[in-house]
1. Considering only segment 127-154, state which residues are under 20 Å from the mean Cα position of the chain (by Cα) and of a type in the set (Val, Ile, Thr).
2. Among the strands (runs of 3 or more DSSP E) lying completely within segment 20-116, list those that include at least 3 residues that are under 19 Å from THR130 (Cα atoms) and of a type in the set (Gly, Ala, Ser).
3. From the list SER9, SER59, SER17, exactly one residue is touching a helix residue (DSSP H, G or I) at 6+ places or on another chain (Cβ under 7 Å), surrounded by fewer than 18 Cβ atoms within 10 Å (Cβ to Cβ) and at pLDDT below 90. Which is it?
4. Restricting attention to segment 122-152, report how many residues are of a type in the set (A, V, I, L, M, F, W, C) and more than 17 Å from LYS73 (Cα to Cα).
Amino acid sequence: MLQDILLQSNPNIALFSIDDFNMAITNYDKLIIGASIRYGVHNKKVIDFINTHKKELDSIKTAFFSVNLVARKPEKSTPGTNPYVIKFFKSIDWTPTIVEVFAGKLDYKKYPYFDRIMIQFIMWMTKGPTNTNAEIEYTNWEKVKEFGLQLGNM
């Protein structure tokens, strides 16, 4: 959905996995970095990328968004209240132009057995849904749309 919103506002957008990005950052006037939480942390490759390219990132407009199920709780759904986003920015020396956080989707069936059990345990601890047949979309798509519009205007 975010990709669709961005492409509608600007067809000159290129999407890359962190594993595949090998372009000069300064070739772009904007760079958006998104990362999800796995086992309590953002992808180390994203953190390494930011730390390696901080100078270039600071020379252009940038945005960062985090996807994590903790954001399903209204009191933890903003960059200033989401513990994963707060922890992320304490671990790096970078301040993007725009920061956002989205809750994402919980679909137990798509995870391998061990991951499903771990997510179920975390959900039990945080008073979330533990039914392994559950498929729950927590994403606030209006918030995603607003973020996309902000990106178009930055």
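The values are calculated or read from the model by the stated rules, or taken from the named source; none is laboratory data. Computed from a predicted structure; not experimentally measured. Cβ atoms come from the backbone with ideal geometry, glycine included; neighbour counts cover every protein chain shown.
1. ILE136, THR139, VAL144
2. none
3. None of the other options fit; the residue is SER9.
4. 4
A quick yes/no check of all residues on (1) assigned by TED's automatic domain parsing to the domain that holds ILE33; (2) under 30 Å from LYS61 (Cβ atoms); (3) at pLDDT 90 or above:
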residue: ILE98; (1), (2), (3): yes, yes, yes
residue: LYS110; (1), (2), (3): no, no, yes
residue: ARG116; (1), (2), (3): no, no, no
residue: MET123; (1), (2), (3): no, no, no
residue: THR126; (1), (2), (3): no, no, no
residue: ALA134; (1), (2), (3): no, no, no
residue: LYS143; (1), (2), (3): yes, yes, yes
residue: GLU146; (1), (2), (3): yes, yes, yes
residue: LEU149; (1), (2), (3): yes, yes, no
